[in-house]
Amino acid sequence: MAESKSLLSASNLTKSYGGVRALDTVSLELSTGETVGLLGANGAGKSTLIKILCGLVTPDSGSIIFEGRQVGPLSPKVSEQLGISVIHQERHALENLTVAENIYLGREPKIGPFLDNRSLNADTQVVLDRLRLDVSPSTPVQDLSNAQRQMVEIARALSFNAKLVIMDEPTSSLSETEAERLLTIVDELRSQGVTVLYVSHRIDEILRIATRTVSLTDGKNSGNLAGGEMTRENIIQSIIGRTEAARRSESRVAGEARLVVSNVRTTKYPDSPVSFEVRRGEVLGITGLVGSGRSEVARVIFGIDRPVGGEVTIDGEPLSLGDTLNTIKKGVFLVPEDRRNLGVILDFSIERNITLPSVKDAGGPIVSEAGSRSMAATQIKNLSIKCATMDQPVSSLSGGNQQKVALGKWLAKDARCLVLDEPTCGVDIGARGEIYDQIDALAKQGLAVLMISSDTDEVLTQCDRVLVFSRGGVAGELSRDHLSKDAIMRLAI
Amino acid sequence: MLNRYRKELLLLAVLVVVCIFLTIRNPQFLSPTNLQNITRQIGMYGILSIGVAVVVVTGGIDLSVGSMCALLGVLMAMGLVEKKMPPAVVIPGILAIGGALGWLHGILVSRLKLQPFIVTLCGLLLYRGAARFVASDESKGFGDSVGFEPLKQLATGSVAGMSTAFVLFLIVTVLVGVLLHKSVLGRHLYAVGKNSEAARYAGVNVLRVETIAYVIAGVCTGVAAILFAFYTNSIAPSSHGSYYELYGVAAVVLGGFSLRGGEGTVIGVVLGVILLQVLQNLVNLLGVPSSLNFAVMGFVILIGALLEKAFQKKAA
Ligand SMILES: Nc1ncnc2c1ncn2[C@@H]1O[C@H](COP(=O)(O)OP(=O)(O)OP(=O)(O)O)[C@@H](O)[C@H]1O
Ligand SMILES: [Mg+2]
């Protein structure tokens with residue numbers, strides 16, 4: 001490699017939140033044109049570091065040198081002008097604006113004082129084409145799926161022609177195909193000399209694109225891996241401090257059918273009836289491209305959306321569709337995909353979130369403080385939720401730990417069927433193993449688990465059977481013996 | 001701990017300062033008569049405000065409570081005096097009507113998804129009109145009629161040196177305090193106020209919880225309406241209870257509730273109510289022109305909001 005030029009040098013960055021040291025004298029060196037994987041367990045401080053670099057968070061101490069010049073206090077505006085552009089872990093798109101307006105927010109092309117809509121949309125189309133994202137620039141963002149929104153965020157970051165592009169878990173809600181498109185773009189960026197700092201809990205992606213990695217553990221630098229040292233084992237070691245073979249769940253013995261979905265037609269795909277069953281003790285995977293109608297079916301099962309037609313039964317009893325309370329009473333639970341808006345109440349404490357579905361189960365009108373706290377403590381321990389106290393608001397947790405809270409609130413309650421929509425989105429590899437163990441234990445107790453996942457690795461290792469969705473319908477079913485990446489891909493497209 | 005009750009402590013400090021200032025300027029403030037009087041006002045407005053607080057927790061608002069006081073007061077006076085119905089029927093009846101109107105608001109807000117502001121604004125106009133219509137726009141009241149002394153005692157009497165209205169207020173406070181802070185329903189109320197969609201995904205019966213909040217507000221208004229009616233003894237349907245909804249909302253906001261929902265404590269409303277009444281008292285005792293009454297109230301709420309903002313920034 002040619003002698004590389006230093007682009008950014010951050011040193012001794014420290015940031016505390018109350019008593020929690022999110023970052024402790026962290027340093028980071030980035031050279032022009034490299035792609036650096038930023039590794040660390042949930043709550044290690046990755047997002048905090050990134051927020052400092054883009055001016056969203058002010059560090060307590062430390063300094064940042066960009067292109068040889070000391071930069072003063074950063075603000076989002078200053079950081080943007082320096083040429084740093086960020087795809088945040090949590091999406092920020094403004095729902096009621098169009099795709100184009102979101103991408104060019106704050107720097108709209110103008111003719112005199114007026115918005116130049118034509119060139120706005122034309123410019124946007126170029127960026128969208130580059131991502132091969134099939135939406136019109138004038139679509140309101142609220143009409144897009146979670147993954148499409150994520151692609152819009154990516155499009156926005158790319159539209160800056162930045163020198164440094166930072167991506168904080170950009171693929172966590174994307175399927176293999178969309179993720180691959182993004183990785184190709186990262187390759188392109190590198191060949192154009194753009195530096196990329198890339199955070200992901202998907203090891204394969206790091207192996208595929210990073211030229212080296214930097215690790216954080218509990219807010220401190222914990223070693224770097226050069227290109228040659230980057231193996232799966234070393235990467236896992238640097239994230240969770242131990243190696244862990246990719247666990248494949250033992251094959252389970254499935255019993256009789258528990259959840260039976262017959263001819264369900266969702267409002268999004270009214271012409272594709274979906275039928276399948278999940279058996280006692282089985283983990284059924286559903287995968288497919290983003291927008292293939294997986295989450296829609298999950299919402300119908302849970303009673304959030306009313307279907308156009310069809311029926312769902314649990315242990316032979318019909319669920320009254322469109323009635324979430326009834327569904328929950330029958331022991332069918334959903335962990336939704338959109339954790340920040342639906343999976344947790346951000347301003348509520350961890351304890352209140354975890355116990356929300358079960359406080360009323362104790363029977364009396366008064367909450368048992370002790371019972372509620374011990375229930376929360378159990379989930380915090382079982383899922384290793386990293387927190388200072390159970391009374392802190394969920395908004396102060398790292399992304400992966402928020403996801404664990406969303407999951408924990410249902411694990412605290414007796415279930416017959418669990419529907420998990422992207423259950424490990426943003427969860428680190430160590431905690432992922434713990435979640436898989438929990439799912440496995442639940443299946444062994446006879447639960448029917450329906451796992452919707454875009455993470456092929458997860459589908460391959462954790463599911464007994466997999467349905468591949470395409471355009472709203474089941475494109476095919478793969479038994480455990482026939483599961484492979486290729487087989488899934490063939491069906492998905 | 002300190003942090004959790006930051007708003008309440010701040011409010012308490014302001015209250016203490018105002019009381020000390022008032023005592024120095026006019027020692028009359030601590031006279032038994034004045035204290036009786038002020039605690040009676042606190043009691044009546046307090047019961048009203050606490051109902052509004054429960055609705056505000058869910059992210060709603062109730063603007064109808066003032067007009068409802070007039071309507072219920074008129075109905076009660078007419079029932080007792082003109083129709084000679086027994087109090088044992090009329091009093092529960094008034095509370096039931098209050099609850100039923102609240103339930104109606106709740107259904108319109110939760111099931112029909114109308115905005116709380118609009119629903120209860122319509123209530124404000126409707127009940128005022130209804131009160132004037134039923135009473136043929138004439139004042140209704142008890143005059144010198146006999147037989148209601150025990151009921152009058154509720155509003156004007158005292159137990160163990162404390163005004164009865166204040167004692168009733170304490171009872172309501174404890175009940176609502178337990179409801180909001182110790183009960184399952186309370187957790188659900190706050191959950192709905194913070195994020196009703198996520199609450200629904202967690203199995204909270206959002207429609208029912210919202211409706212109950214308005215029913216509670218309606219019943220509290222019923223209790224307050226009874227007290228106000230006996231206190232004034234004569235109910236002019238066109239003016240009785242005017243602006244009371246604003247006293248309610250003001251006390252709640254001053255008490256640290258967010259109109260966005262999901263925030264606030266019972267202690268907060270109690271302090272808010274007390275501070276508002278002490279300010280009224282201040283206007284009287286210090287000889288401030290009573291035309292400035294509302295202006296003083298508005299000024300203090302504004303200062304409160306500003307202080308809160310400043311403290312928030314510091315804490316972050
Ligand atoms: N606003 C906040 N208030 C309090 N604590 C916070 C806040 N933001 C972050 N933290 C804490 O700082 C630590 C680092 O969080 P950060 O979001 O940087 O983790 P992360 O490495 O990005 O994790 P993940 O992989 O789960 O996204 C965590 O312990 C988190 O709880
Ligand atoms: Mg993060």
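Overview of values
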{"read-out": "Amide H within-cut-off set for A:Asn221, under 5 Å, with H built and near neighbours excluded", "value": "A:Ser27"}
{"read-out": "Long-range amide H partners of A:Ala475 with built H, under 5 Å", "value": "A:Val468, A:Phe469, A:Ser470"}
{"read-out": "Delta accessible area of at least 50 Å² on complex formation, residues of the range A:331-365, 1.4 Å probe, chain isolated as reference", "value": "A:Leu342, A:Ile345, A:Phe348, A:Arg352, A:Leu356, A:Lys360"}
{"read-out": "Protein-protein interface of the range B:157-196, residues with accessible area decrease of at least 10 Å², isolated chain reference, 1.4 Å probe", "value": "B:Val178, B:His181, B:Lys182, B:Ser183, B:Val184, B:Arg187, B:His188, B:Tyr190, B:Ala191, B:Lys194, B:Asn195"}
{"read-out": "Solvent exposure of the range A:397-493 as accessible area per residue, Å², 1.4 Å probe", "value": "30 Å²"}
{"read-out": "log₁₀ of I(q)/I(0) at q = 0.06, 0.12, 0.13, 0.14 Å⁻¹ - chain B, Debye sum with one point per alpha carbon", "value": "-0.20, -0.81, -0.95, -1.10"}
{"read-out": "Hull volume in cubic angstrom per residue (convex hull over the Cα atoms of the range A:1-112)", "value": "170 Å³"}
{"read-out": "Relative contact order (percent, whole number), chain B, Cα cutoff 8 Å, 6+ residue spacing", "value": "34 percent"}
{"read-out": "Gap separating the Cα centres of the range A:308-338 and the range B:258-301, nearest whole Å", "value": "49 Å"}
{"read-out": "Helical segments meeting 30 Å axial Cα length and Kyte-Doolittle 0.5 threshold in chain B (DSSP H)", "value": "B:32-57, B:87-110, B:206-232, B:293-315"}
{"read-out": "Whole-number percent relative contact order across chain A, with pairs defined as alpha carbons under 8 Å at least 6 apart", "value": "16 percent"}
{"read-out": "Carbon/sulfur fraction of accessible area - the protein assembly as shown, other protein chains in place, 1.4 Å, %", "value": "58 percent"}
{"read-out": "Where N is the number of residues in the range A:63-169, Cα Rg divided by 2.2 N^0.38 Å", "value": "1.13"}
{"read-out": "Centroid-to-centroid separation of the range A:103-138 and the range A:237-303 [C-alpha atoms, Å]", "value": "37 Å"}
{"read-out": "Principal semi-axes in Å for the range B:39-147 [√(5λ), Cα gyration tensor, largest first]", "value": "27, 16, 13"}
{"read-out": "Solvent exposure of the range B:217-274 as accessible area per residue, Å², 1.4 Å probe", "value": "28 Å²"}
{"read-out": "Prolate/oblate/rounded call for the range A:158-218, Cα gyration tensor, a/c under 1.5 rounded", "value": "oblate"}
{"read-out": "Lysines whose Cα lies under 30 Å from that of B:Lys140, excluding same-chain neighbours fewer than 8 positions away", "value": "B:Lys83, B:Lys84, B:Lys152"}
{"read-out": "Minimum 30 Å² accessible area buried by the other protein chains, the range A:302-325 residues, probe 1.4 Å, relative to alone", "value": "A:Ile304, A:Leu325"}
{"read-out": "Separation of alpha-carbon centers, the range B:36-80 and the range A:420-440, rounded to whole Å", "value": "51 Å"}
{"read-out": "DSSP bridge orientation in the protein assembly as shown - percent antiparallel, rounded to nearest 5", "value": "55 percent"}
{"read-out": "Entries in A:Lys220/A:Lys381; A:Lys329/A:Lys404; A:Lys220/B:Lys182 that, when Cα-Cα distance is taken, lie over 31 Å", "value": "A:Lys220/B:Lys182"}
{"read-out": "Interface area, A with B, accessible, probe 1.4 Å, both sides summed, Å² nearest 100", "value": "2200 Å²"}
{"read-out": "Kirkwood Rh in Å, taken over all unlike Cα pairs in the range B:1-102", "value": "17.1 Å"}
{"read-out": "Shielding score for B:199-211, defined as the mean number of other chain Cβ atoms within 10 Å", "value": "6"}
{"read-out": "Two-decimal Rg to Rh for chain A - Kirkwood Rh, Cα set", "value": "0.97"}
{"read-out": "Listed peptides B:21-31, A:25-35, A:105-115 by packing density, highest first (mean Cβ within 10 Å)", "value": "A:25-35, B:21-31, A:105-115"}
{"read-out": "Over the range A:191-342, equivalent-ellipsoid semi-axes from the Cα gyration tensor in Å", "value": "41, 19, 15"}
{"read-out": "Sequence-distant residues sharing a close amide H with A:Lys15 (under 5 Å, placed H)", "value": "A:Ala22, A:Leu23, A:Asp24, A:Thr25, A:Asp60"}
{"read-out": "Cα gyration tensor category, rounded, prolate or oblate, for the range A:319-397 with a/c compared to 1.5", "value": "oblate"}
{"read-out": "Length-normalised contact order for the range B:206-316 - Cα pairs under 8 Å, 6+ apart - percent", "value": "15 percent"}
{"read-out": "Angle in degrees between helix A:176-191 and the longest Cα principal axis of chain A, rounded to the nearest 10", "value": "10 degrees"}
{"read-out": "Translational D in µm²/s for the range A:208-295 (Stokes-Einstein at 37 °C, 0.692 mPa s, Kirkwood Rh from C-alpha pairs)", "value": "187 µm²/s"}
{"read-out": "Gyration tensor over alpha-carbon atoms, the range A:342-493, equivalent ellipsoid semi-axes in Å", "value": "32, 16, 13"}
{"read-out": "Expected 222 nm ellipticity per residue - DSSP helices of 4 or more, -39500 (n - 2.57), all of chain A, to 500", "value": "-9500 deg cm²/dmol"}
{"read-out": "Gyration tensor (alpha-carbon) shape descriptor, the range B:112-228, a/c threshold 1.5", "value": "oblate"}
{"read-out": "Neighbouring partner chain Cβ atoms per residue of B:232-243, average, 10 Å criterion", "value": "0"}
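The values are calculated or read from the model by the stated rules, or taken from the named source; none is laboratory data. Note that the coordinates shown come from a computational prediction; the quantities given were computed from them, not determined experimentally. FYI the Cβ positions are ideal-geometry reconstructions off the backbone, even for glycines, and counts take in every protein chain you see. Ligands, DNA and RNA are excluded from the accessible area calculation, which covers all protein heavy atoms including side chains. Shrake-Rupley method; radii C 1.70, N 1.55, O 1.52, S 1.80 Å.
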